[in-house]
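J.: Supplied in structure tokens, the structure appears directly below.
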Amino acid sequence: MPMMRIDKLVSQSGFGSRKEVKAILKQKVVFVDGEVVTDPQMRVNPETSAIYVGDVLIEYEKYVYVMMNKPEGVISASYDEEEQTVCDLLDEKHQWHDLFPVGRLDKDTTGLIILSNDGGFAHRALSPKKHVEKVYIAQVDRELGEKDVKAFENGITLDDGYKTMPANLEILSEKEAKVIIKEGKFHQVKRMFEALGGSVLSLKRVAFAGINLDASLAPGQFRRLDEKEMNIIVNLLSKD
Ligand code: URA
């Protein structure tokens, strides 16, 4: 476990912004292995040290997993000089966890995006070998039919010659469908429809790796994964 700054650790643990934590440190109520600490830059090992704020023992969370309902117009990145990113939508406490989006949704795509600071999880979830399932709801500009269902089933040759893996298309209404893919090529869903002479008007991801978007999250809102969802992550991490 790398050493980390005491102000970052205390802030991440829910005691306020870094500025607020500085004030807490000045009050001489933060203890590392029984010694008062006032220097916000002091580095500690949260796994081996007993760290208290007053009489509250800090339980360090190494990895954090959050689901967000990504709104339109926001990019899937940690930081950008011009555009608003999904990480900008996090509250101060979560911003301290150095979360990043696990995978990408286009700027105009909405719905489920997982944010985490667990690089191992991201690597596995995005590995082309893992075939992690993604579910989307797509609105398109033309009527859909059985021919489209078959085309998705057989795999579709994209504009660059790549043939997609078999995918699932379930027609929900004339111009709306549920799409399930097990890979994640650039603009994949849009390009699949384009290859069939259609155009995606709106795209929303509703599930990723068996984790469903919480319908109670308004666009831009996020929450920690619950225990059941965490089990899915643990399972994914335990498989070769
Ligand atoms: N496919 C796309 O075309 N766009 C996305 O954002 C996700 C999948």
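J.: Taking region 8-49, which residues are part of a helix (DSSP H, G or I), modelled with pLDDT of 95 or more and of a type in the set (Gly, Ala, Ser)?
T.: Ala23 - this is the single residue of region 8-49 that is part of a helix (DSSP H, G or I), modelled with pLDDT of 95 or more and of a type in the set (Gly, Ala, Ser).
J.: Evaluate region 123-131: report whether one residue or more is away from the ligand (no atom under 16 Å from the Cβ) and in contact (Cβ under 8 Å) with a residue 60 or more places away in the chain.
T.: yes
J.: Here is a follow-up. Look at Ile180 and say whether it is modelled with pLDDT of 95 or more, within 13 Å of the ligand (Cβ to nearest atom) and among the β-branched types (Val, Ile, Thr). Give the derivation first.
T.: On the way: modelled with pLDDT of 95 or more: yes; within 13 Å of the ligand (Cβ to nearest atom): yes; among the β-branched types (Val, Ile, Thr): yes.
Yes.
J.: How many residues are assigned to a loop (DSSP other than H, G, I, E, B), on the phi < 0 side of the Ramachandran plot and more than 10 Å from the ligand (Cβ to nearest atom) when one looks only at region 184-198?
T.: Qualifying residue count for the region: 2.
Residue-by-condition table, conditions (1) away from the ligand (no atom under 13 Å from the Cβ); (2) out of contact with any strand residue (DSSP E or B) (no Cβ under 9 Å at 6 or more places or on another chain):
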| residue | (1), (2) |
| --- | --- |
| Ile137 | no, no |
| Gly161 | yes, yes |
| Pro166 | yes, yes |
| Leu172 | yes, no |
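J.: Also, I was wondering about something else. Filter region 15-61 down to the residues that are in contact with a helix residue (DSSP H, G or I) (Cβ under 8 Å, 6 or more places away or on another chain) and among the basic types (Lys, Arg) and list them by number. Walk me through how you get there before you give the answer.
T.: Here is the first cut: in region 15-61, the ones in contact with a helix residue (DSSP H, G or I) (Cβ under 8 Å, 6 or more places away or on another chain) are 15-18, 20-22, 24-25, 30, 32, 37-44, 46, 51, 53, 58-61.
Once the filter is applied, which keeps residues that are in contact with a helix residue (DSSP H, G or I) (Cβ under 8 Å, 6 or more places away or on another chain) and among the basic types (Lys, Arg), region 15-61 yields Arg18, Lys22, Arg43.
J.: Run down Leu217, Leu201 and say which single residue is more than 9 Å from the ligand (Cβ to nearest atom) and not in a loop (DSSP other than H, G, I, E, B).
T.: Only one candidate qualifies: Leu201.
J.: A further question on this structure: Just to verify a result, which residue in region 104-157, among those that are under 16 Å from Ile171 (Cα atoms) and aliphatic (A, V, I, L, M), is surrounded by the fewest Cβ atoms within 10 Å (Cβ to Cβ)?
T.: So, considering only residues that are under 16 Å from Ile171 (Cα atoms) and aliphatic (A, V, I, L, M), the one surrounded by the fewest Cβ atoms within 10 Å (Cβ to Cβ) is Val149.
The values are calculated or read from the model by the stated rules, or taken from the named source; none is laboratory data. Computed from a predicted model, the values in this text were never measured in an experiment. Every residue, glycine among them, receives a Cβ derived from its backbone with ideal geometry; neighbour counts consider all protein chains shown.
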